[in-house]
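These notes concern the structure reproduced below.
The values are calculated or read from the model by the stated rules, or taken from the named source; none is laboratory data. Predicted, not measured: the structure shown is a model, and the values here were computed from it. Here the Cβ positions follow ideal geometry from the backbone for every residue, glycine too, while neighbour counts run over all protein chains shown. Just so you know, the surface numbers come from the protein's heavy atoms only, side chains and all, with ligands and any DNA or RNA stripped out. Shrake-Rupley method; radii C 1.70, N 1.55, O 1.52, S 1.80 Å.
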Amino acid sequence: MTDTTDTTDTRVPVLRPRAATPRAAAVRPSARERGTRLLAALFLAPTVVGIVIFTVVPIIGSVVLSLFHWNVIDPPGWAGAANYRSVFTDSTVLVSFRNTLVFMVFAVAAQLLIALSLALTLNGRMPGWLRSLFRSAFFFPLVLSAASISVVMKYLFNQDFGVINWLIGLFGIAPVPWLTSEHGAMATVIIVYVWQQFGFSFLLFVGGLNNIPKEIHEAAALDGATGLRKHLAITLPLLSPTLLVASVVGIINALQVFEQPYVLTDGGPGDSTRTVVMVIYEKAFEQLRFGEASAVGVLLFVLIMAVTAVQFRLSRRFVHYQ
C-alpha cells in the first residue's frame, strides 16, 4: 500500500522583529539641511530680536508699570488697580476714547471709500504712463512726515489767512473756523489724516483688482452685468480679502492717531480732538504720571485687540476667497 500521509510542514513561521533603529538616526538631517536651517535662523534673528526688544518687552513693561505709581524722580510705588480706577473716573480719558472711536469710524470709512473709488477708476482703460503717474501721486503723501504735513495744513486751514478760506471766499462764502470750532476741528483732522493715509489702501486695492481674473469680468459682461451691478456682485466679493486687510490696518492706525490732532489743534478746542495717544503722552511726559499713562496704554491695546478680533470673526461670513 502506498503511504498517503501529508508530509507538508504546517508550522506557522515565527517572524522575529528586526533590531530597532533609533528614530532620530533615521531622520537625522544632512549637513546641507543643517546649514540651510542655520542660515534661515540667522536671517530671521534680527527681526525676531527686534520684535522682542521693541514690541514684546515694552508691552510687558507697560502692563507691569500700570500697577505702580512712578514719576521718574521717586522710586516706583505699588498701586495695584488704583491707576485703572483713576483712569475710569477721569473725564478727559473717557472723552479721548470717545473722540478716538468717532475719528476711527469716519476716517477709516472715508479712507477706504476714496481709495477703492480711485482704484476702480484707474483700473479702467487708461494709458500705462498716466496710471503710473496717478499711483505715484496718490502714494507720495504717505512717505512724508505726518508732523510736517500737519504743520503745512495748519496754515492752509487757518481761519484768518489760510489759503482754503481765501479760495472759498472767492465764491462769496464766509470764512470757516476749521480749527477753532468743535465739529470743524475734528473734520479738519480727519481730512488731513485721510489725505495722507489713503494711498496705502489705494495700493492694496490696485493689487487686489489686478489679481481678479479678467475671464470673470468677461463672463459677467456676457451675462449682462455692467457698471455698479458688476462691482457689487463680482468685484467686491472677490476683493473682500483685500478689504479685510485694508480695514484691519486702517483701524489699528486710526486708533493710534497722534500727530495730526497734536499739531493741528493740540486736542482743542476744549477736548474735542483729544485722542487716547495724546492723553498717554500728556500723562507720561507732561504730568510725569507714568503709571496712569501705562494703564491708558494697556486699555488702548485691549481695545485694538478686541476690535481686530471682531473683524476677523466677522470675516468668516463676509470674506470670500477664490
Fraction of accessible area attributable to carbon and sulfur, the stretch 151-200 (%, probe 1.4 Å): 72 percent
Orientation-averaged projected area, Cα convex hull of the stretch 60-202 (nm²): 13.6 nm²
Nitroxide proxy distance, nm - points 7 Å out along Cα→Cβ at LEU314 and ALA221: 3.4 nm
Reciprocal mean inverse distance between Cα atoms of the stretch 124-178 - Kirkwood radius, Å: 13.7 Å
Descending semi-axes in Å of the stretch 176-322, equivalent ellipsoid built from Cα gyration tensor: 39, 20, 11
Within the chain, helix-based [θ] at 222 nm, where runs of 4 or more DSSP H residues each add -39,500 (n - 2.57), nearest 500: -20500 deg cm²/dmol
Expected-Rg normalisation [2.2 N^0.38 Å, Cα atoms] applied to the stretch 174-242: 1.70
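Within the stretch 187-293, report the chymotrypsin sites (Phe, Trp or Tyr not before Pro) that DSSP leaves as loop and that have at most 15 other Cβ atoms within 10 Å.
Values: sites: TYR193, TRP195, PHE198, PHE200, PHE202, PHE205, PHE258, TYR262, TYR281, PHE285, PHE290; in loops: PHE258.
Of the chymotrypsin sites (Phe, Trp or Tyr not before Pro), the ones in loops of the stretch 187-293 whose Cβ has at most 15 other Cβ atoms within 10 Å are PHE258.
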Amide H contacts under 5 Å for HIS69, placed H, 5+ residues apart: GLY77, TRP78, ALA79
For the stretch 238-322, with +1 on Lys and Arg beta carbons and -1 on Asp and Glu, the positive-most of TYR321, THR242, MET278 along the dipole: TYR321
Residues of type lysines that LYS214 reaches as a straight line, Cα spacing below 26 Å, ignoring anything fewer than 8 places off in the same chain: LYS230
The chain - convex hull of alpha carbons, volume per residue in Å³: 363 Å³
D_trans [Stokes-Einstein, Kirkwood Rh over alpha-carbon pairs] for the stretch 73-131, 10 °C, 1.306 mPa s, µm² s⁻¹: 99 µm²/s
Local electrostatic count, PHE258, Cβ distance below 12 Å [Lys/Arg +1, Asp/Glu -1]: -2
Solvent-accessible surface ranking, highest first, for LYS214, LYS154, LYS230 at 1.4 angstrom: LYS214, LYS154, LYS230
Volume in Å³ per residue [convex hull over Cα atoms, computed for the stretch 32-126]: 236 Å³
Relative compactness, the stretch 106-155, computed as alpha-carbon Rg over 2.2 N^0.38 Å: 1.39
Ratio of the Cα radius of gyration of the stretch 122-245 to 2.2 N^0.38 Å, where N counts its residues: 1.43
Rg and Dmax of the stretch 263-322, Cα atoms only, in Å: 16.6, 53
